[in-house]
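Since the structure comes first, as structure tokens, the remarks are kept for the end.
The values are calculated or read from the model by the stated rules, or taken from the named source; none is laboratory data. This structure is a prediction, so every number in the text was calculated from the model and none was measured. Cβ sites come from the backbone with ideal geometry, for glycine too, and all protein chains shown count toward neighbours.
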Amino acid sequence: MDKTLLKGLSVLEKLAWLDGRVLTLDELAAEMGLTRSNTHRTLQTLAHAGYVRRDPETGGYHCTLKMFELGARQLHQLDVRKLAPPFLRELARLTGETVHLSVLDGMDVVYIDKIDSPQPLLAYSTIGGRAPAYAVATGKALLAYQAPDYLEHYAQAIQKHTSQTHASLLVLKEELAEVSRVGYAINQGEWREGIGGVAAPVFNGLNKVVAAIGISGPLTRLTPQKMAEYAPDLLQAARDLSTHMGYRGNHRGLTT
């Protein structure tokens, strides 16, 4: 094990978590429990490699944007569809219902992965299929975290599909505000009569919603009580997948 490398990484991590503060050589040495000479050599190496910079006015050290560049490249390489299967399988095992992974495309959701329920009566869908985002749980979980004016761009697309569809922009906005507050969305037959679902958003390391995990099934089985019962497992699956995507924030509806 290369102790010099580990020391350098520890110093880099320390500087990265300062939330805008800077530390002088002596302050950093004291906080890290290192000798002044060791700290100086480490900082010189990191500065030479372009990872840290010394502020000439304060004498303090801080990370450069090179850290962000590396992190952004890594985040770009993370594919939610590749990381999701273990979490989808566990949620399917716990609930016995169909589980979807969806992404937003305009005012539609696109199903990019799914696990079918083993039960004879199930929610029909196909990978690559679409549904109106405002009328399904995964779509509402995604819409709740878009820019405030997002819905206005697609207001003309909102229409009733069943007697339960919320076709009013005002009502939809109120529902999405509640989704944002509690952390998950529900659908009670708004896209297909008798078919409902509950879903939660998945975030990446840039705190952006990138997908939603949903549980779907017939409302005779997926009652409001069952949705509430499944919500903690759903939120945990979404949270765990978000963590694997680099997210470090807190999901609504879960304590940390």
note = With criteria (1) under 12 Å from the mean Cα position of the chain (by Cα); (2) surrounded by fewer than 22 Cβ atoms within 10 Å (Cβ to Cβ), residue 193 comes up short on (1)
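Considering only strands (runs of 3 or more DSSP E) fully contained in region 141-245, which possess at least 2 residues that are over 23 Å from residue 85 (Cβ atoms)? Write out each step before concluding.
Numbers: elements: 185-188, 195-203, 209-218.
In region 141-245, the matching strands (runs of 3 or more DSSP E) lie at 185-188, 195-203.
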ask   = Under the condition of being under 19 Å from the mean Cα position of the chain (by Cα), surrounded by 15 or more Cβ atoms within 10 Å (Cβ to Cβ) and among the charged types (D, E, K, R), which residue from region 101-150 is farthest from residue 213 (Cα to Cα)?
value = 108
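Could you check how many residues of region 206-223 are of a type outside the set (Val, Ile, Thr), crowded, with 18+ Cβ neighbours inside 10 Å and farther than 22 Å from residue 163 by Cβ? Full working, then the answer.
Restricting attention to region 206-223, the residues satisfying the condition of being of a type outside the set (Val, Ile, Thr) are 206-208, 211-212, 214, 216-219, 221-222.
Those left that are additionally crowded, with 18+ Cβ neighbours inside 10 Å: 211-212, 214, 216-219, 222.
Among the residues that remain, those that are also farther than 22 Å from residue 163 by Cβ are: 211-212.
Total satisfying the criteria: 2.
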note = residue 71: passes all of (1) more than 30 Å from residue 156 (Cα to Cα); (2) small (Gly, Ala, Ser); (3) at pLDDT 90 or above but (3)
task = Name every residue in region 168-205 that is under 17 Å from residue 91 (Cβ atoms), β-branched (Val, Ile, Thr) and in contact with a Lys or Arg (Cβ under 7 Å, 6 or more places away or on another chain), in order of residue number.
result = none
ask   = Among the residues of region 1-56, which ones are touching a residue at least 24 places away in the same chain (Cβ under 8 Å), among the polar types (S, T, N, Q) and assigned to a loop (DSSP other than H, G, I, E, B)?
value = 24
inquiry  = Please go through (1) modelled with pLDDT of 90 or more; (2) under 26 Å from the mean Cα position of the chain (by Cα) for residue 220 and return the number of the only condition it doesn't satisfy.
reply    = (2)
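Can you tell me which residue among 185, 177, 200 is touching a residue at least 24 places away in the same chain (Cβ under 8 Å), of a type in the set (Gly, Ala, Ser) and touching a Phe, Trp or Tyr at 6+ places or on another chain (Cβ under 8 Å)?
Numbers: 185 fails: touching a Phe, Trp or Tyr at 6+ places or on another chain (Cβ under 8 Å); 177 fails: touching a Phe, Trp or Tyr at 6+ places or on another chain (Cβ under 8 Å).
Selected residue: 200, the only one of 185, 177, 200 that is touching a residue at least 24 places away in the same chain (Cβ under 8 Å), of a type in the set (Gly, Ala, Ser) and touching a Phe, Trp or Tyr at 6+ places or on another chain (Cβ under 8 Å).
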inquiry  = Scan region 62-83 and tell me whether some residue there is in a strand (DSSP E or B) and either in contact with a Phe, Trp or Tyr (Cβ under 8 Å, 6 or more places away or on another chain) or outside the structural domain of residue 207 (by TED's automatic domain parsing) (or both).
reply    = yes
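Here is a check on your reading of the model: is residue 90 in contact (Cβ under 8 Å) with a residue 40 or more places away in the chain, assigned to a helix (DSSP H, G or I) and of a type in the set (D, E, K, R)? Show your work before the answer.
Numbers: in contact (Cβ under 8 Å) with a residue 40 or more places away in the chain: yes; assigned to a helix (DSSP H, G or I): yes; of a type in the set (D, E, K, R): yes.
Here the answer is yes, as residue 90 does meet what is asked.
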message = Within region 180-188, does at least one residue satisfy the condition of being β-branched (Val, Ile, Thr) and crowded, with 16+ Cβ neighbours inside 10 Å?
response = yes
ask   = Any idea which of (1) in a strand (DSSP E or B); (2) out of contact with any strand residue (DSSP E or B) (no Cβ under 9 Å at 6 or more places or on another chain); (3) of a type in the set (Asp, Glu) is the one residue 113 doesn't satisfy?
value = (2)
